[in-house]
1. Sorting S217, S183, S89 on the 10 Å Cβ count, fewest up front, what's the list?
2. If I take all pairs of Cα atoms in the chain, what percentage of them are more than 31 Å from each other?
3. Just order 277-285, 256-264 by mean Cβ neighbour count inside 10 Å, highest at the front, would you?
4. Can you give me the convex hull volume of the Cα atoms of the range 178-300, divided per residue and expressed in Å³?
5. Rounded to the nearest 500, what is the chain's calculated 222 nm mean residue ellipticity when only DSSP H runs of at least 4 contribute -39500 (n - 2.57) each, over all residues?
6. I need the helices of the chain that pass two filters: whole DSSP H segments spanning 20 Å or more by Cα along the axis, and mean Kyte-Doolittle score no lower than -1.0.
7. Cα-Cα over 18 Å: which of K51/K114; K132/K269; K88/K279; K132/K279?
8. Going by how many other Cβ atoms sit within 10 Å of their own, how do W159, W71 line up, fewest first?
Amino acid sequence: MNIQWYPGHMTKTRRMIAEQIKNVDAVCEILDARIPVSSRNPDVDELTAGKPRLVVLNRVDQADKASTDRWAAYFRAKGYAVLESDAKSGQGTARFAVAVRELLSEKIRAYEAKGQNRVIRVMILGIPNVGKSTFINRIAGRKTAKTEDRPGVTRSKQWVPIDRNLELLDTPGILWPKFEDQSVGLNLAFTGAVKDDILDTETLGCHLMAYLGTHYSDELAAAYKLSGIPERAAEENDVAWGYRLLEVAGKKRGFLISGGEVDTERMAKILLDEFRGGKLGRFTLEMPEEQRRSDCGPLDL
């Protein structure tokens, strides 16, 4: 699967981060709680090395609560501060300033000992469509960053004052040119972090159905009012089994075309829309104990 998708503004963003990192006290990395690994740009560790880190697990309202707890513990064990949030409703965002000051408590005390009342500056990073702009607007209490439910909206850096002693550096979402694991590309596509025209909708729906059928069969059956999830045959791969699940769900919804055939393309689109909107339930697509990369092969985007 060979797709070019590394826009020029992302190259500029990488350069801008490298230039601005010396001007900030800490880095806040916003992740999608449903895909904490896939929504992390691996370049960020190198670009922000040595800076205190706050990890925000956003969209916790759509993620499996038990899995979010495990992810929070995982990142804390790595030495990061962690904040769980749902930026749309505002859940957790009120603790941001407190979390930053706790993270930088030693530096702040050192400033105060010298009689300095410095402004704390935090760089906000996140891949496209992870909810970064909505999060910033919640913290600021006003609309300062452009938000839209599609990737690639924020295009330039901007300083956002939060209070007299705290400023944020908002940055455009930054992705990377190649994934070593196809599952990363799929996870980003499931959640809408990459544009829908990058991957075939029906194939994407098959992969998502297969994952949900394997890990959340009861929730999937309840969401589509199914009596149960058909068992997976030993010879079926994700696409083949996922296609069968699309057919079952599509038939239940009445998505039929000529000859009584199920409109699986329409069902795939509905599945993705409902998954992204949190209408199916709370799902996490990656677990801390699954830090291995799958053997699906590389996905060049």
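What follows draws every value from the coordinates through simple rules; no lab data is involved. Please read all numbers here as calculations on a predicted model, not as lab measurements. Cβ coordinates were reconstructed from backbone atoms using ideal geometry, including for glycine residues, and neighbour counts include every protein chain displayed.
1. S89, S217, S183
2. Details: 14714 of 45150 pairs.
The share of Cα pairs beyond 31 Å in the chain comes to 33 percent.
3. Working: 277-285: 17.8, 256-264: 13.2.
Ranked from most to least packed, the peptides come out as 277-285, 256-264.
4. Details: hull volume 15.0 nm³, N = 123.
Taking the convex hull of the Cα positions in the range 178-300, it is 122 Å³ per residue.
5. Numbers: 11 runs with 117 residues, N = 301.
For the chain, the value works out to -11500 deg cm²/dmol.
6. Numbers: long enough: 201-215 (21 Å, 0.23); 238-253 (22 Å, -0.45).
Length and hydropathy pass: 201-215, 238-253.
7. Details: K51/K114 22 Å; K132/K269 25 Å; K88/K279 15 Å; K132/K279 21 Å.
Distance filter (> 18 Å) returns K51/K114; K132/K269; K132/K279.
8. Details: W159 11, W71 26.
Ranked by crowding around the Cβ, least crowded first: W159, W71.
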